[in-house]
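K.L.:
Sharing a structure with you now.
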């Protein structure tokens, strides 16, 4: 019987190829055991990446919704804080203004006028609130403060009430100025309300309150009426000045329900945004888990393959060592 054998060079090449293949298997199996993920995801998915691409697209879309929701949440939170500040300013001075029905001293009227002017400045500051570098009551003109200084507003109002001889006339002129497009409408520096934005799939929220809101204008009007007392309106007419203080207090009091309703409306938007953020986060987590499951490997199976590859590699090293000792000297020994 004729015995056929491979040449030394051919045998060496075959052993080298097998060694390289087994080392690659050990390396891939070790990586999979360590990371818990497929070393060759394309092979594991048989070249079909569509499930992963769909998941990644959904995660990216939810991330975009999340950024929009975060921005909208920041804006509504700042608006809500400003509303709380406005209500506090109004309730702090309203009883004193209305109390001028019974106490009509010139000194007290002047003192209330000074207090009202300070509160008007504070109210304007609240409406000029910025969040993340954007004015929250300026509508689409987020880079512009919606209102100018209180002194500029009072100067314009002094012109509007010129010629008025009673507290009622001054109050009516102030209210007309705040309703006039060429009055407060021209004083307002912002733009139209922000449009509703998508904060989650199929969910729109519009944090569109601006300083032009009727509730805010009425509140400012109440402060401004009383602040004009500090500018010397109706000089020498103590009773009319006191009457103007009373009307200012009544205006602020009448606007209380409107401020509560506006704060509630902003609060509803806040709740919707927070619910959307929670929903987006839950969906992102679920998609992340699904993606991980698709890309993950059975570590027990990977460990089994690793052990098998190591055993084969050790056997190959042993065989190679023995083959490498086959020489004429060894044969004759």
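K.L.:
Please tell me if residue 199 is closer than 30 Å to residue 62 by Cβ and crowded, with 18+ Cβ neighbours inside 10 Å.
P.N.:
Here the answer is yes, as residue 199 does meet what is asked.
K.L.:
Go through segment 81-97 and count every residue that is under 32 Å from the mean Cα position of the chain (by Cα) and in contact (Cβ under 8 Å) with a residue 60 or more places away in the chain.
P.N.:
So the count comes out to 7.
K.L.:
For residue 219, are the conditions met, namely being closer than 25 Å to residue 189 by Cα and modelled with pLDDT of 95 or more? Steps first, please.
P.N.:
Working: closer than 25 Å to residue 189 by Cα: yes; modelled with pLDDT of 95 or more: yes.
When the stated conditions are applied, residue 219 passes them.
K.L.:
Is it the case that segment 110-120 has a residue that's closer than 18 Å to residue 191 by Cβ and assigned to a helix (DSSP H, G or I)?
P.N.:
The initial filter retains those residues of segment 110-120 that are closer than 18 Å to residue 191 by Cβ, namely none.
No, the conditions are met nowhere in segment 110-120.
K.L.:
Restrict the check to segment 174-188 and report whether at least one residue is surrounded by 22 or more Cβ atoms within 10 Å (Cβ to Cβ), more than 33 Å from the chain's Cα centre (by Cα) and modelled with pLDDT of 95 or more.
P.N.:
Yes: one or more hits.
K.L.:
Now for a different question. Which one of these is more than 25 Å from residue 88 (Cβ to Cβ) and in contact (Cβ under 8 Å) with a residue 12 or more places away in the chain: 216, 229, 220, 234? Lay out the reasoning, then the answer.
P.N.:
Working: 216 fails: more than 25 Å from residue 88 (Cβ to Cβ); 229 fails: more than 25 Å from residue 88 (Cβ to Cβ); 220 fails: more than 25 Å from residue 88 (Cβ to Cβ).
Sole residue among the options that is more than 25 Å from residue 88 (Cβ to Cβ) and in contact (Cβ under 8 Å) with a residue 12 or more places away in the chain: 234.
K.L.:
Considering only residues of segment 199-211 that are touching a residue at least 40 places away in the same chain (Cβ under 8 Å) and assigned to a loop (DSSP other than H, G, I, E, B), which is farthest from residue 274 (Cα to Cα)?
P.N.:
Taking segment 199-211 and keeping what is touching a residue at least 40 places away in the same chain (Cβ under 8 Å), we get 199-201, 203, 205-211.
From what's left, assigned to a loop (DSSP other than H, G, I, E, B): 201, 206-211.
On the way: 201: 14, 206: 14, 207: 13, 208: 17, 209: 18, 210: 21, 211: 24 Å.
So the residue we want is 211.
K.L.:
If you take the residues of segment 145-169 that are part of a helix (DSSP H, G or I) and more than 43 Å from the chain's Cα centre (by Cα), which of them is surrounded by the most Cβ atoms within 10 Å (Cβ to Cβ)?
P.N.:
Here is the first cut: in segment 145-169, the ones part of a helix (DSSP H, G or I) are 150-160, 167-169.
Filter once more, so that each one left must be more than 43 Å from the chain's Cα centre (by Cα): 167-169.
On the way: 167: 24, 168: 14, 169: 15.
The selected residue is 167.
K.L.:
Further question: Residue under question is residue 28, and the condition is that it be more than 30 Å from the chain's Cα centre (by Cα), surrounded by fewer than 18 Cβ atoms within 10 Å (Cβ to Cβ) and modelled with pLDDT under 90; does it hold? Show your work before the answer.
P.N.:
Details: more than 30 Å from the chain's Cα centre (by Cα): yes; surrounded by fewer than 18 Cβ atoms within 10 Å (Cβ to Cβ): no; modelled with pLDDT under 90: yes.
No; evaluated as a whole, the condition is false for this residue.
K.L.:
Go through segment 230-264 residue by residue and tally those that are part of a helix (DSSP H, G or I) and closer than 15 Å to residue 173 by Cα.
P.N.:
8
K.L.:
Right, something else. Considering segment 100-114 alone, what residues qualify as being within 48 Å of the chain's Cα centre (by Cα) and touching a residue at least 40 places away in the same chain (Cβ under 8 Å)? Quick ask: steps written out before the conclusion?
P.N.:
So the first thing to find is which residues in segment 100-114 are within 48 Å of the chain's Cα centre (by Cα), and the list is 100-101, 108-114.
Residues satisfying the conditions are 100, 101, 109, 110, 112, 113, 114.
K.L.:
Has segment 190-209 got any residue that is in contact with a strand residue (DSSP E or B) (Cβ under 9 Å, 6 or more places away or on another chain) and more than 30 Å from residue 283 (Cβ to Cβ)?
P.N.:
yes
The values are calculated or read from the model by the stated rules, or taken from the named source; none is laboratory data. Only a predicted model underlies this, so the values are computations on that prediction, with no experimental measurement involved. FYI the Cβ positions are ideal-geometry reconstructions off the backbone, even for glycines, and counts take in every protein chain you see.
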